[in-house]
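K.L.:
I am attaching a structure below and will ask some questions about it afterwards.
The values are calculated or read from the model by the stated rules, or taken from the named source; none is laboratory data. Since we're looking at a predicted model, the values are computed, not measured. Every residue, glycine among them, receives a Cβ derived from its backbone with ideal geometry; neighbour counts consider all protein chains shown.
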Amino acid sequence: MSSIWLSLFSHGRGAFWYNTARKWFTIGSLLVSPVLMVINAPFGRFTLQGDSRFLVDGIKSWISMELVSPAVFMFAFKSSPLSYYPTALPSLYSPQTLFASLFFIHYLNRAIISPLRTPSRSKSHIIVPLAAVVFNTINGFLMGSYFSSPYVRIMFSSQTYQQPTFIAGITLWALGFAGNIMHDEILLNIRRNAKTKDKAKEENEDADGKPKERAKEHYAIPQGLLYKYVSYPNYFCEWVEWFGFALASAPFPVELSLGALFSLFSKQTWSSIISSPPQAFAPNLAPPWIFLLSEVMLMLPRAYKGHLWYKEKFGDRYPKERRIVIPLVL
């Protein structure tokens, strides 16, 4: 495996694959987002009911697909595909190592701790983990390549830790990470309560020795913290987390300016973007910002569809003042 990797990314060829992945990963997220506004990703409450041959265990598939990202990150970080010559790993106290650690901490919780603490998870259609593996492979490669690149080694120094954007970014990362865990815990408690009720019903039999009907309700209206304001505060907190990460680790790209985003509605702009060589695509758009953009583009449709699902399922009981994902805004 390592020999194949070296043959693909040695002698500067890594730059081609890096820029190609950077370009199409970004474009793919922008194009898939409108599609997800129309269809439901088939997992969780939106799992397709049909041929069970295409359904996989929710917890096991989640762990498997999410572990891909840190694994590929570490491989790219160690091999440094954007370096022309073999380079040593960054020092233990370097900013690159800190950012790598934050990345791994996030996925330690996301890929292992959180799913193992989940009492139950709906089955997913096989297309979901397969798509996630592709997403996580590309994202892990981009992030690992970026943080081991000569450009980042030059950009970071001992003064990095005193920069206001670094301090603000790390603070936002910590707040977002904590907020994500706290709001996920509220959802986990709903699952735990549902599982407890199911177990109690199974143990409580009729006089005829037949078990009573199992409770089918596994959803409730989440309450507490930012659930007072939005239906998906865990998504919002994850965006805050990765915004802080990007702010601390990469220069803000002019490509994400309001004017540049509005230009995406132009057919001429898209034609120019698609036909341009990979290295010419948004040269200031670094992987941490691409990851944030992709997260927003892919998670916003699910938050929107989930918000509508909550309102339909619970009707007048669902708080009318709740927005979708950004408190008081969206």
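K.L.:
Does any residue in region 73-98 that is in contact (Cβ under 8 Å) with a residue 12 or more places away in the chain and among the small types (Gly, Ala, Ser) come within less than 6 Å, Cβ to Cβ, of a residue that is surrounded by 13 or more Cβ atoms within 10 Å (Cβ to Cβ) and in a loop (DSSP other than H, G, I, E, B) six or more places away or on a different chain, and which pairs are these?
P.N.:
Ser80/Thr87; Ser80/Ser148
K.L.:
Moving on. Return a yes/no flag: does region 203-215 have any residue that is modelled with pLDDT under 85, closer than 30 Å to Val325 by Cα, more than 23 Å from the chain's Cα centre (by Cα) and among the aliphatic types (A, V, I, L, M). Write out each step before concluding.
P.N.:
Restricting attention to region 203-215, the residues satisfying the condition of being modelled with pLDDT under 85 are 203-215.
Keeping just the survivors that are closer than 30 Å to Val325 by Cα gives 215.
Those left that are additionally more than 23 Å from the chain's Cα centre (by Cα): 215.
Now drop any that are not among the aliphatic types (A, V, I, L, M), which leaves 215.
Yes: region 203-215 contains one or more residues that are modelled with pLDDT under 85, closer than 30 Å to Val325 by Cα, more than 23 Å from the chain's Cα centre (by Cα) and among the aliphatic types (A, V, I, L, M).
To keep it simple, each residue is scored yes or no on (1) modelled with pLDDT of 90 or more; (2) not in a helix (DSSP H, G or I).
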residue: Ser3; (1), (2): no, no
residue: Phe16; (1), (2): no, no
residue: Ala21; (1), (2): yes, no
residue: Ser29; (1), (2): yes, no
residue: Asn40; (1), (2): no, yes
residue: Ser64; (1), (2): yes, no
residue: Met74; (1), (2): yes, no
residue: Phe77; (1), (2): yes, no
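K.L.:
So, one more: Out of curiosity, is Pro283 in a loop (DSSP other than H, G, I, E, B) and either touching a residue at least 24 places away in the same chain (Cβ under 8 Å) or surrounded by 13 or more Cβ atoms within 10 Å (Cβ to Cβ) (or both)? Outline the logic, then answer.
P.N.:
Details: in a loop (DSSP other than H, G, I, E, B): yes; either touching a residue at least 24 places away in the same chain (Cβ under 8 Å) or surrounded by 13 or more Cβ atoms within 10 Å (Cβ to Cβ) (or both): no.
Considered against the rule, which asks whether it is in a loop (DSSP other than H, G, I, E, B) and either touching a residue at least 24 places away in the same chain (Cβ under 8 Å) or surrounded by 13 or more Cβ atoms within 10 Å (Cβ to Cβ) (or both), Pro283 comes out as no.
Each row is one residue, and each column tells you yes or no for (1) modelled with pLDDT of 90 or more; (2) closer than 24 Å to Leu247 by Cα; (3) over 21 Å from the mean Cα position of the chain (by Cα); (4) surrounded by 19 or more Cβ atoms within 10 Å (Cβ to Cβ).
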position: Pro287; (1), (2), (3), (4): yes, yes, no, yes
position: Ile290; (1), (2), (3), (4): yes, yes, no, yes
position: Leu298; (1), (2), (3), (4): yes, yes, no, no
position: Arg317; (1), (2), (3), (4): yes, no, yes, no
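K.L.:
Here's a check for you: in region 72-130, which residue that is among the basic types (Lys, Arg) and surrounded by fewer than 18 Cβ atoms within 10 Å (Cβ to Cβ) is farthest from Ile181 (Cα to Cα)?
P.N.:
It comes out as Lys78.
K.L.:
Do we have any residue at all in region 262-272 that's under 28 Å from His183 (Cβ atoms) and part of a helix (DSSP H, G or I)?
P.N.:
Let us first name the residues in region 262-272 that are under 28 Å from His183 (Cβ atoms), namely none.
Within region 262-272 (the criterion being under 28 Å from His183 (Cβ atoms) and part of a helix (DSSP H, G or I)), the answer is no, since none of the residues qualifies.
K.L.:
Give just the number: which of (1) more than 26 Å from Tyr161 (Cβ to Cβ); (2) modelled with pLDDT of 90 or more does Phe265 not satisfy?
P.N.:
Only one criterion is unmet by Phe265, namely (2).
K.L.:
Here is a follow-up. Has region 121-134 got any residue that is closer than 14 Å to Pro70 by Cα, of a type outside the set (Phe, Trp, Tyr) and touching a residue at least 40 places away in the same chain (Cβ under 8 Å)?
P.N.:
Restricting attention to region 121-134, the residues satisfying the condition of being closer than 14 Å to Pro70 by Cα are 132-134.
If we keep only those that are of a type outside the set (Phe, Trp, Tyr) too, we end up with 132-134.
Subset that is touching a residue at least 40 places away in the same chain (Cβ under 8 Å): 132-133.
Yes, there is a match, as at least one residue in region 121-134 is closer than 14 Å to Pro70 by Cα, of a type outside the set (Phe, Trp, Tyr) and touching a residue at least 40 places away in the same chain (Cβ under 8 Å).
Let's see how each residue does on (1) under 28 Å from Trp24 (Cα atoms); (2) touching a strand residue (DSSP E or B) at 6+ places or on another chain (Cβ under 9 Å):
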site: His125; (1), (2): yes, yes
site: Phe135; (1), (2): yes, no
site: Pro150; (1), (2): yes, no
site: Met155; (1), (2): yes, no
site: Thr171; (1), (2): no, no
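K.L.:
Within region 79-124, count every residue that is in a helix (DSSP H, G or I), under 21 Å from the mean Cα position of the chain (by Cα) and over 20 Å from Phe166 (Cβ atoms).
P.N.:
11
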